[in-house]
Structures are given as C-alpha cells and as structure tokens.
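**Student:** Handing you a structure now.
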Amino acid sequence: MSFTFKMLYNGAIMKKIYIYVIGGGLLIFLILLLSGFLPFGFNKSQNECRGASCQPVQLVIDVKNSGLGSAVYIEWNSITPKPSSYALARATFDGNNLSSFQSIPTVSNTRGNFAIDYDVQRGVTYEYRVIPIYGNSFNLDGIAKVSGARVTADFIDTKSEKIVFVIPQKYLEERKDLSQIIPSLINGINFIFSNTQKQFSFAEIKTYNPDTCINGCENIISDSKYYNTGALVVYAIPGAITSAYTVRGAPPTVILGNESLNLANSGNDLSPNSGFYSSLVQTLAHEIAHTYGVAIPEYYVYPTAIDNSDISPKIPAVSLPTKYLKDVMYTYQDNFKGTSFGPLSVYIVNANLYHSDLRFRSRGLSDMSQILPSRIAIKVNDSISKPVVSSKVDIYCIQAEDPRYQGLHQQPTLVKSLSTDTSGTASFTIENEVKQSMSAQKCHVLGFKVSKDGFISSSNYVTELQLQEEKLLRKNDEFLVQFTLKTN
Ligand SMILES: [Zn+2]
C-alpha cells in the first residue's frame, strides 16, 4: 500500500512526499517527528529506494553549506535495520538538467549519518543522494529512483566563521557558568580581530568524556572534525599541547592543552575583566590566527641574532618583535583590549579569509633567500642629509637561532662589500647565485655596516619579517636601507 500527502515545511515550502507504508500509521508518525525535529533551513527530501533493488526506505536528506568556506554538509536520518554503510552520490544541476551521478566516498555507519563534501565549487548547484548499503555490493543503477536534496555551494558569510567549542563534560558540570562564559569569549576574539576582515560567531558547545576517549582523546578531535560545521576549539585534557592546524578537508582546529586548566579550575575568576579571561581570549585569538597562516612557526618570538664578530661597528642585536609590540602573536597583555594584530598579520589573515585556500602562508624562520627582493639599495647621508660618497658598505649574513638553542649564534659571514656612488647609494641585484649562497649560510638576518674616514661608523640589520612586510604590504621589490653618518 502506498499513499501520498503534502506537508508544509518551515511555513514556506510545499513538498510532496511519497511514503511506502509497511507498518501503518506509527511509521508515518515517526517520520513526521523526524522531519519536524530537523533544524530550520534544511532542504528535505525523501529517499524512496534501498540500494539497486529499490526496496522502499525513508531517508531524509538534509544539505547545507557548512560555513567553512567551500564545503557542503550532508545529513540523513538513521534507519533500521542498520546498514553496513551508506553510499553518497552527487550530480550537478544546471537549472534544467542533472548531470549523471558520481559516487563520492562512502561513510561508515559507525560514524553516524553525516558527511562533509569539501570538493565543491562556489556557485555550482549539487544534488546529493544517499543510499543505505546492506552487504558489500552496490551500484548506481537504482539511483534514478532515489530522491535527493540540492544545495548551491556558497561561502555563507565571507567575513564570519562559526566556532564550535568541545570541552570535557565534567568541566560543565563543575562550573555551570561556563555555558555563558564560553560563548562570550567570541566577543573578545572579535575585538582582537577587529582590525582584520574576519569575525567569528558562536556555534555550540559540545562535550565529551575524557575517561572514555581513546589515545589522549585523539578520537574526540577526529570525530569532532567529522561532525561539526564550524572551526573547532577543543579544550583537551591537560598535558596536551596547545596548537592550531588546518588540513584541507577538515575544519581548522585549535587544541588547548594546559590552558584548559583555566576553564577546569572552578576557583578561577573568569569574569570579563579578569586575567584568566583575558588570557583565554588572547590564547584563542593567537591560535585561530595561526590557522590563517599567521606566524607559522612562531617567528615573532625568535628574539635575537647576535653579532659575535670583533669588527666595529657591532651590528645591534636583532629583536624581531619590537615593531609589533601589541601583536597577539607575540605578546599577551593584562587586558585583551591591549592587543591586536600587526599589519603583516592583518594582511595574512585578510588574504586567507578561507582556510581552504591559504594563499600567503607566511614563512617562519626561513633563510633570506626565499623572501629577498630583487634589489637591495643602501643610501648613506650625513647629518645634514647630504650624500656620503665612497663610504664602505659591508653586508653580512647572520643566523638568528631558535631561542631554545641560544648560544649557538655564529659569526656573521660577509656577503658583499660595496661602495656608495655620487648619490650616496650602493645597491646590488640579488641573483640566484647570491640566493644560493645565502641559503647555504642559513641567513636569517642581513647585517649592514657602513664606514668612512672622518665619520662614526654605523650599522643596522634587516630581518626576514621586515622584508616580508615590505614585499607583501608595499609590494616593493627593492628594499632600501638608510643610514645617517655622523662626523667624529
Ligand atoms: Zn603560536
């Protein structure tokens, strides 16, 4: 027996639903219940076939843009008997016709009835069909008899990204105010990001039980990636490291290890003006910015390159972060409102508004050869701005070591010696040969020493951070280093 009826979804869409009734009214009731249970805004459809043999089965398929850039989220209802897995098929729809269906990777039923399709293009309309698989054999012959659901792939909001918080259940039980505190952290993150084009919104809090998760709760992160349609912040059990990563095909994920203790400790004051709160907000903003390619690795914190030579004048110790004192990638302030992002960080965040397309993944402590402009010019004036002719310009490579290995700084290596011309300028073109030589010397900082009889010698340095900023922000392919020489 079969019958047809109509239903009003979300007060707007009339849909015709065919239901093959085996068990009578109870089944209809259950299906109505399921349909009404699904969130607003989903496209719903009924799946009428079971596999190639086209036995009646009721699958409600919901599709929507995931909010993660170019990804579509597909969900369907559970059915009994439980299939061994589901087959997903996808076609494109041009407004009139459907293309032929292609199978996309199947989903194990142990994971539940969800899938995220990351291989979509913006503006293209896709139709998804889902077929439960019983046993091993499956083909797409019966796909025409199965109804599906359509969605046009879009970046839901280019400026806003949802964040899902994943925390141990016991934290929520031990302090009930966390359900208010956690969503409020978004405001702080948005404050720090306010000089970028990126903002965030709160999606939901999901909980897990650390006592039952596997391998340091890696399974929680893995499952969360699978089920969630927003960037993930995972409060991991203390002991896990704090980190952030983006892998194409998975939501960007921030894992907070020992920082989770701030949440877990019910004695901590987490009111918005407290130090703990400020620290939580800044840690989150810092880690989230990493997922946009900012400061990978932590180049802002590489502190010094020391000139160990006995050559006068000494090149001053390099401190990369001095230009970016308030950048949350480098420093934490007592109040999160004292932090922001420096121009280079802002540029990288804005250039990488979508995690799926990291165009400017910034370099970490690389060698200069990767980011050198094609020319470097040195301009030398005296204290009344007149060019200093025939001054000697020595250019050195200096290694800036990871702070963990301080003390290993090596002697600067002389790259080139030049002499200023009548305009007080010396310049050189960075040829491949020079780049290779710099790369071999692990040159992280360029040191410049300028001297001439009758003047006090001077020195300066150029870091890869400066060069990167110059190239990216000002799109300048000639780097200028200026000196003012004072007389004795
Ligand atoms: Zn970091």
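**Student:** So, V233, is that one assigned to a strand (DSSP E or B) and more than 12 Å from the ligand (Cβ to nearest atom) or not?
**Tutor:** Spelling it out, V233 is indeed assigned to a strand (DSSP E or B) and more than 12 Å from the ligand (Cβ to nearest atom).
**Student:** Shifting gears a bit: Tell me, yes or no, whether region 413-422 has at least one residue that is surrounded by fewer than 16 Cβ atoms within 10 Å (Cβ to Cβ) and without any contact (Cβ under 8 Å) to a residue 12 or more places away in the chain.
**Tutor:** no
**Student:** What number of residues in region 308-326 are surrounded by fewer than 22 Cβ atoms within 10 Å (Cβ to Cβ), closer than 20 Å to L467 by Cβ and within 16 Å of the ligand (Cβ to nearest atom)?
**Tutor:** 2
**Student:** Modelled with pLDDT of 80 or more and over 20 Å from D154 (Cα atoms): is that true of Q121 in this structure?
**Tutor:** No: the conditions fail for Q121.
**Student:** Separate question: Tally up the residues in region 86-105 that are on the phi > 0 side of the Ramachandran plot and modelled with pLDDT under 85, please.
**Tutor:** Total satisfying the criteria: 0.
**Student:** Looking for whichever is more than 9 Å from the ligand (Cβ to nearest atom), touching a residue at least 24 places away in the same chain (Cβ under 8 Å) and outside any helix (DSSP H, G or I) here; the options are A285, A295, A305. Which one fits?
**Tutor:** Going through A285, A295, A305 in turn, the sole match is A305.
**Student:** As an exercise: evaluate M329 against (1) assigned to a loop (DSSP other than H, G, I, E, B); (2) within 29 Å of K162 (Cβ to Cβ); (3) modelled with pLDDT of 90 or more; (4) away from the ligand (no atom under 14 Å from the Cβ) and give the number of the one condition it does not meet.
**Tutor:** For M329, the exception is condition (4).
**Student:** Taking S278 as the residue in question, decide whether it is away from the ligand (no atom under 16 Å from the Cβ), in the same structural domain as D177 (by TED's automatic domain parsing) and touching a strand residue (DSSP E or B) at 6+ places or on another chain (Cβ under 8 Å).
**Tutor:** no
**Student:** So G257 ticks every box in (1) small (G, A, S); (2) surrounded by fewer than 19 Cβ atoms within 10 Å (Cβ to Cβ); (3) within 27 Å of the chain's Cα centre (by Cα); (4) more than 14 Å from the ligand (Cβ to nearest atom) but one. Which box is left unticked?
**Tutor:** (4)
**Student:** From the set of residues in region 276-304 that are over 14 Å from the mean Cα position of the chain (by Cα) and farther than 23 Å from S201 by Cα, which is modelled with the lowest pLDDT?
**Tutor:** For region 276-304, the residue satisfying everything is P303.
**Student:** Do you know which of the residues in region 327-355 that are in contact (Cβ under 8 Å) with a residue 40 or more places away in the chain and more than 20 Å from the chain's Cα centre (by Cα) is surrounded by the most Cβ atoms within 10 Å (Cβ to Cβ)?
**Tutor:** F336
The values are calculated or read from the model by the stated rules, or taken from the named source; none is laboratory data. All values derive from a computational prediction rather than experimental measurement. Ideal geometry is used to build each Cβ from the backbone, glycine not excepted, and the neighbour counts take in all protein chains shown.
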